[in-house]
1. What dipole magnitude, in Debye to the nearest 20, does segment 141-243 give about its Cα centre under +1 on Lys/Arg Cβ and -1 on Asp/Glu Cβ?
2. Pull out the extension gain between Ile191 and Ala50, defined as 0.36 nm times the separation in residues minus the alpha carbon to alpha carbon distance; nm, one decimal.
3. What does the net charge come to around Ile227 if you take all other residues with beta carbon closer than 15 Å to its beta carbon, with K and R at +1 and D and E at -1?
4. How would you order 39-46, 162-169 from highest to lowest mean count of nearby Cβ atoms within 10 Å?
5. Rank-order 64-77, 199-212 by packing density, defined as the average count of other C-beta atoms within 10 Å over each peptide's residues, highest first.
6. If I model a spin label as a point 7 Å beyond the Cα along the Cα-Cβ vector, how far apart are those points for Met204 and Glu90 in nm?
7. Which net charge results for the neighbourhood of Arg244, defined as the other residues with beta-carbon distances under 15 angstrom from its beta-carbon, given Lys and Arg at +1 and Asp and Glu at -1?
8. Quick one: net charge around Gly167, please, counting Lys, Arg +1 and Asp, Glu -1 for every other residue with C-beta under 12 Å from its C-beta.
Amino acid sequence: MARVKASDSEPAGGDLAETTSTDLTSPDGEAPPAPPEGRMAALRARVGHATRPWYAANRMARGFVISGVLITLVFLVMAIFADQIAPYGEDQYRIQTGVDAEGEPEFADEQIPRRAPPSAAHPFGTSSARFDVLSRIIHGARIAFGVIALSTIVAMGVGVPLGLLSGYHGGRMDRVLVFLMDAVYAFPPLILAIIFAFVLQQYMSPGVPTAAIAVGATYIPQYFRVIRNHTLSVKEETFVEAAR
């Protein structure tokens, strides 16, 4: 009689397991999507982890960061709206009187004064070439941001792959690359950029690309060191050793 009861109870247990597994999975056998509350909690955890250094920093460090961001935003607005903000053109040395029927500016015979002191018409004065200094600064923000963007691309495009190769392979390649990067890092960045620009003039015409490559080359060792050190630390992790 006990055997009969045991045999009768086994299908019931199997049916219950099948019912439970069927309820927890979709018809395709995949797990159901996480509820919205779980996704929001994961998102809040990621945001909290990303903003942890900001809250851990002291007030002075935060002030420096905010000041740098504000100054960068001011110059970015100047670069985008230079034509609307600047009182004079980038290479204007005469007084503009109006615009003709075709939309071209008209200039008077009167020229901008040479080396004029700061005044209401020229807040930063004028140069020896009769250019308004404030207008030149505003228009020059475009060139500055162009050089910054291109130099960052050059530095990351060279420093990141070399750092990955050096940190992952190691050996003689690592020693040679570290020696070269240390040699480049030993020179002052400004002097090194001038040397690179002088060498590049033999192969490229002077301009924004030449300046960007010269400046970007001086920052390659910094990206190389950061990526190499991080690659070495990840290379020694347990999950990497287990994958091997």
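Values in this text are rule-based calculations from the coordinates and carry no lab data. Here the structure is a predicted model, which is why all the values come from computation and not from measurement. Backbone-built Cβ (ideal geometry, glycine too); neighbour counts: all protein chains shown.
1. Roughly 240 debye, rounded to the nearest 20.
2. Between Ile191 and Ala50, full extension yields an extra 47.1 nm.
3. Net charge around Ile227: +2.
4. Highest mean packing first, the order is 162-169, 39-46.
5. Most protected by this proxy first, the peptides run 199-212, 64-77.
6. The answer from the label model is 1.8 nm.
7. -2
8. Around Gly167, the surrounding residues sum to +1.
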